[in-house]
Structure formats: structure tokens, C-alpha cells
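Structure record follows, encoded as C-alpha cells.
The values are calculated or read from the model by the stated rules, or taken from the named source; none is laboratory data. The structure displayed is predicted, hence computed values, not measured ones. Heads up, the Cβs are rebuilt from the backbone with ideal geometry, glycines too, and the neighbour counts pull from every protein chain shown. Surface accessibility is based on the protein's heavy atoms, side chains included, excluding ligands, DNA and RNA. Shrake-Rupley method; radii C 1.70, N 1.55, O 1.52, S 1.80 Å.
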Amino acid sequence: MLAAARAAFAERGFDGATIRGIATAAEVDPALVHHYFGSKDQLFLAAVEAPADPAELLPTVLAGGRDRLGESVVRLLLQVWDGPMQPAALALVRSAVGNEWGAKLLREFLVTQVLRRVVGSLDLPPEEAEVRGALVASQLIGLAIGRYVLRIEPLASAEPDWLVATVGPTVQRYLTGAVDLPG
């Protein structure tokens, strides 16, 4: 079931994949998929081997309010990566860098499970939300790769509070500040 789910999510994305289609590809009844994974969101998290469930973590980020959203997002990233979920997060990023299939799954995870929820809290037009989400993703992925994969100093050994104070305003600008849209 997980292999069929990975293939479906990589080929059709989160929104295009269905439990019924995944069950058909796995040659099982859709009820069995629901039994083991519950929802499509939970199946997706299992398929990408997500280090954490954003649905459980993001309410705290969003509760901090619009004006502190950038700092809250960076703080959450650091909490996930500096904690026991780091090995799973590293595996997800390394697989994305190493092959297109992994890249598609990481992209779907970031877009559908994280950024859509964060940017969606800002009530923006769809095109603007997409641009802002992509800019935030570029910053977060860059920080994660620089700090945890490449171990670039002083990022690798910096205190989380310093990173939140330094990177948070950039993420905040991408979320709520002046940003030119392409085209």
C-alpha cells in the first residue's frame, strides 16, 4: 500500500491522488487503506516518512499571530530538526536531493501539509499565496540544508534563538511584506 501511495503522490500530487486509486494499484480494498492509515493525510505522511505531522504542530505556529508568523515558522523548523525527528527529516531531504521522485514527495509534503496551511491563514489571492509559499519554502529548505546537511558554520552551531531572530524576519517579509509577483 505504501509503495502504491508513494507512486500515486509522486505522479499525481496530493490533491490528484485518491485512496480508491491507491487501493486499486495496491490490489486491496479501499477500506483496508482506511483501516491502516485512517485518512488520506495520514497515508501521505506515512508514504513520505514525514518526521512530524504538521496538523499537530502548526496550530501553535498559527496561534502566535500574523505579525510573528515568520519567527514561529523558523522556530518550529528548528524544533523539529534539533529534536528526535532529525534523522527522519534528514532522510527526507537527502532523498529529495538525490532523485526526482524524492523531490516530488518532499515538494508535495511542503506545499500541501505545511505551506498551504501557513499561507492559507493569511487570506491571500491564490497566485500571491503560491508565490509567497515558494519563497518561504526556499528559505526553510536552504536553512535546513545549510545547517543540517552541509553543516555550514556558523549556521551549524548557532543557537536557535539567533537563527529565529535572524531568519525569521526574512520569512515574515515573504509571508506578509512587500513582494513583487512574477510577470
Accessible surface of the chain, 1.4 Å probe, proportion on carbon and sulfur as whole %: 56
Contact order relative to length of the chain, as percent, for alpha carbon pairs under 8 angstrom and 6 or more apart: 25
Calculated P(r) of segment 29-165 - Cα pairs past 20 Å, %: 49
Rounded if a/c under 1.5, otherwise prolate or oblate - segment 74-129, Cα gyration tensor axes: oblate
Protection proxy ranking, peptides 174-181, 103-110, 10-17, 76-83, average beta carbon neighbours within 10 Å, highest first: 103-110, 76-83, 10-17, 174-181
Segment 106-154, accessible area per residue, ligands and nucleic acids excluded (1.4 Å, Å²): 50
Residue-normalised accessible area of segment 1-97, expressed per residue, 1.4 Å probe, Å²: 51
Accessible surface of Glu159 - all protein chains present, 1.4 Å probe, nearest 10 Å²: 130
Gain on full stretching of the segment that runs from Glu49 to Glu130 - 0.36 nm per residue minus C-alpha separation: 26.7 nm
Between 0 and 90°, nearest 10: helix 2-16 axis offset from the chain longest Cα axis: 60
For peptides 27-38, 161-172, sequence by mean Cβ density within 10 Å, most packed first: 161-172, 27-38
